[in-house]
Amino acid sequence: MTQADSLILLVHSLSKNEKRIFRMGRKDADYVALFDIIRKAGMVSAHELRSLFEKKRKDANFNVTVTYLYKTLLDVLLSLRENQDSYYGLFNKIMKARILFEKSLFADSLELLGKIKDEAARHENHIALLYASRIELEYLLFLNFPDISEVDLANRHFRISGLLNNIRKIDEHSLLYETLKHRTIYKGNVRSKKQKESHNDLVFSEMSLQSSIKDSFEAKKLHQLFQSNYLIYIGDNTSALQSFRELNRLFEKNPQFWANPPFYYVSVIEGILDNLRSMRNYGEMPYFIDRLRKISHPSAGFQTHISALIFLYELFPLLDRGEFEASMRLAEQYKDTVLSKTDQLVMLRRAEISLYISLIHIGLRAFKKAQKTLINEFVRDNSISSFPLYRTIRLVNLIIQYELDNLEFVTLESRSIKRNLSKSESAYRTEHLMLTFLNKSKHELFGSSAREKIWRKYEPEIMNIRKDIFEYQLFKSFDFTAWIESKLRKIPLSKVLLKLNNS
């Protein structure tokens, strides 16, 4: 990505207020003209931006102007964040304390460092507290320890040692949680007892660490995050929901400790919604969706992320019940706020939205539209192939191609998927069942007696799969067994999904 590409994304991520503040009082300089062009032109390419700029400013240097505008925007955003976020404010004050000391205003510098330490302790900002404490000791050393006894000096070092120990343990806890999340993202959820047992190392390490870590918001947060995500990972949704609720209460009681943007808190709400959906407890979902709506942040990109989550969790109850027409109406409502802004979302979220829009089209039997939606996702980013979601997308694409009678593609793609599954220990039984069914001759399904015979053969395996908690992780994206049943029993997919959701 060139700096021009980054600049385009940065400008379009600004809130209306940030754009207004940046533009206020600025003269018609080259960098201001470039800002106005980006704002009005929309999501253009760097090449298109260069062309538009050079038409308006023939004597200006495009690359120099891009660099200057990028730097100026970051400076403006940094100055705005100082009053919005204690993290920015604390480190800015530390820089001010350094300037004061350099200008020989020693008493003012030390007084400011004392205030910084108090504020950092209140906000449990261990890094800022450590940095301010170390600078304070260096300055006291330079001043020959004025009015500082040896006991006082030892106590200061003792507090720093305790702080370092706490930071180390929190970092170890973070490592365990992040390792768990990494395994979930790249390997998918647990699909067998053997896989569950292979993660005991993380569980035992977390339990040992939790018993020795200092009681703080950060420690409680990381413990509950690990517990709740591990319980989801192994398919224990009931216990995970209870853990997420405790985590939510912790956040709501301590808003002063939220990150800015509040990524962790949003992750907690998403975890609760995901569990409620897994348990088909749709009645409680609106309350937590409303909690998401109440989160406000100046970053347009972060707000798009929030809107995408709200859209998905309003969509899931409809889609799970096979209410495809209502699902499409909902998608239309979010066309401007989410679906037209998917480039601002992380790759997996964007792919997830494409998958669900495609499923709506499948439910409405608009297979060409479903195909176009998924093809766009395949073309946009090949790196998605390293994630478990990609396998689900490929299976959905096989359904589309099967419905469009592109049977040669179905055969070739099925072989490719089978080869990949043979190399993996984490394949779902549903995946193997789907590949077997999709490669049956469609002529076998023409007669009702033939379909009934095949259904009797498939039914025991399908019923068994539907009871398997490990298989449910795949069903959260789409119940492929419902599609097989609809084809064999000649029942609309919407009716099969509604029946399964009510059972």
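On C-alpha positions alone, give me the angle between the axis of helix 347-363 and the longest principal axis of the chain, in degrees, nearest 10.
Between the helix axis and the principal axis of the chain, the angle is about 30 degrees.
What does region 1-108 give for Rg and for Dmax, in Å, if only its C-alpha atoms count?
17.3, 56
Return the label of the correct value of P(r) over Cα pairs in 20 Å bins from 0, in percent, as calculated from the structure shown, out of (i) 18, 44, 30, 8, 1; (ii) 22, 57, 20, 0; (iii) 24, 52, 22, 2.
(i)
Taking a probe of 1.4 Å, how large is the accessible area per residue of region 1-69, in Å²? Before the final figure, lay out each step's value.
Values: 4090 Å² over 69 residues.
Ligands and nucleic acids excluded, the figure is 59 Å² per residue.
Using a simple spin-label model with points 7 Å from Cα along the Cα→Cβ vector, what separation in nm is obtained for PHE446 and TYR68?
According to this spin-label approximation, the distance is 7.4 nm.
Keeping all protein chains in the complex and leaving out DNA, RNA and ligands, what accessible area do you get for PHE62 with a 1.4 Å probe, in Å² to the nearest 10?
So the heavy atoms of PHE62 present about 10 Å² to solvent.
As a quick test, which of the pairs LYS19/LYS71; LYS368/LYS440; LYS457/LYS487; LYS16/LYS341; LYS440/LYS487; LYS442/LYS490 have an alpha carbon distance above 19 angstrom in this structure?
Details: LYS19/LYS71 15 Å; LYS368/LYS440 22 Å; LYS457/LYS487 14 Å; LYS16/LYS341 16 Å; LYS440/LYS487 12 Å; LYS442/LYS490 13 Å.
Pairs exceeding the cut-off: LYS368/LYS440.
With everything on Cα atoms, drop me the angle between helix 150-187 and the longest principal axis of the chain, reported from 0 to 90° to the nearest 10.
Rounded to the nearest ten degrees, it is 20.
Figure the gain on full extension for ASN502 and ARG122 (residue separation times 0.36 nm, minus the Cα-Cα span) and round it to one decimal in nm.
Values: separation 380, 0.36 × 380 = 136.80 nm, distance 4.93 nm.
Computed gain between ASN502 and ARG122 is 131.9 nm.
How far is helix 30-41 tilted, in degrees, relative to the longest principal axis of the Cα atoms in the chain, given as a value from 0 to 90 rounded to the nearest 10?
Taking the Cα atoms of the chain, the angle to 30-41 is about 20 degrees.
How far is it, in nm, from the label point at LYS115 to the one at PHE204 when both lie 7 Å from their Cα along the line to the Cβ?
Inter-label distance under the simple model: 5.2 nm.
Estimate the FRET efficiency between LYS495 and ASN439 by the formula 1/(1 + (r/R0)^6), using the beta-carbon distance for r and 22 Å for R0, to the nearest 0.05.
On the way: r = 26 Å, r/R0 = 1.18.
Rounded to the nearest 0.05, the efficiency is 0.25.
Chymotrypsin sites (Phe, Trp or Tyr not before Pro) within region 422-479: which are DSSP loop residues with at most 11 other Cβ atoms inside 10 Å? Spell out each step's value before the answer.
Working: sites: TYR428, PHE437, PHE446, TRP455, TYR458, PHE470, TYR472, PHE475, PHE478; in loops: TYR428, PHE446, PHE470, PHE478.
Answer by residue number: PHE446.
Taking the solvent-accessible surface of protein heavy atoms with a 1.4 Å probe, what is the per residue accessible area of region 354-491 in Å²?
Values: 6620 Å² over 138 residues.
Accessible surface, normalised per residue, equals 48 Å².
What is the pair-distance distribution P(r) of region 400-496, computed from all Cα-Cα distances in 10 Å bins starting at 0, with each bin given as a whole percent?
14, 46, 36, 4
Report the accessible area of HIS12, computed with a 1.4 Å probe over the heavy atoms of all protein chains in place, in Å² rounded to the nearest 10.
Approximately 30 Å² of HIS12 is accessible to the 1.4 Å probe.
Within region 320-346, which residues have the backbone N less than 11 Å from the label spot 7 Å out from LEU364 along Cα→beta-carbon, could you tell me?
In region 320-346, the label zone of LEU364 (backbone N under 11 Å from the point 7 Å along Cα→Cβ) covers 324-333.
Give the carbon-plus-sulfur fraction of the accessible surface of the chain in %, rounded to a whole number; probe 1.4 Å, heavy atoms of protein chains only.
On the way: 13560 of 25720 Å².
Ligands and nucleic acids excluded, carbon and sulfur reach 53 percent.
Between GLU172 and SER340, what length in nm is gained on full extension when 0.36 nm per residue of separation is reduced by their alpha carbon distance? Intermediate values should be presented prior to the final figure.
Values: separation 168, 0.36 × 168 = 60.48 nm, distance 4.00 nm.
Separation in residues times 0.36 nm, less the Cα-Cα distance, equals 56.5 nm.
Between LEU330 and ASN92, what is the label-to-label distance in nm when each label sits 7 Å out along the Cα-to-Cβ direction?
About 4.1 nm, to one decimal.
Where in region 282-327 are there trypsin sites (Lys or Arg not before Pro) that are in a DSSP coil and have at most 14 other Cβ atoms within 10 angstrom of their Cβ?
Numbers: sites: ARG291, ARG293, LYS294, ARG321; in loops: LYS294, ARG321.
Of the trypsin sites (Lys or Arg not before Pro), the ones in loops of region 282-327 whose Cβ has at most 14 other Cβ atoms within 10 Å are LYS294.
How much length is gained if the chain between GLU459 and VAL44 is pulled fully straight, taking 0.36 nm per residue apart and subtracting their Cα-Cα distance, in nm to one decimal?
Value of the extension gain: 144.2 nm.
From a point 7 Å beyond the Cα of LYS55 in the direction of its Cβ, which residues of region 12-45 have a backbone N at a distance under 18 Å?
Label zone hits: 33-45.
How large is the accessible surface of HIS361 in square angstrom, using a 1.4 angstrom probe and rounding to the nearest 10?
Counting only protein heavy atoms, the figure is 20 Å².
I'd like the distance between the alpha-carbon centres of region 473-503 and region 1-64, rounded to an integer number of Å.
Their Cα centres are 49 Å away from one another.
Divide the volume of the convex hull of the Cα atoms of region 280-399 by its number of residues and quote the answer in cubic angstrom per residue.
110 Å³
The values are calculated or read from the model by the stated rules, or taken from the named source; none is laboratory data. The model shown is predicted, which means the values in this text are computed figures rather than measured ones. In this analysis, Cβ positions are derived from the backbone assuming ideal geometry, glycine residues included, and neighbour counts consider all displayed protein chains. Side chains are part of the model used for accessible areas, which takes the heavy atoms of the whole protein and leaves out ligands, DNA and RNA. Shrake-Rupley method; radii C 1.70, N 1.55, O 1.52, S 1.80 Å.
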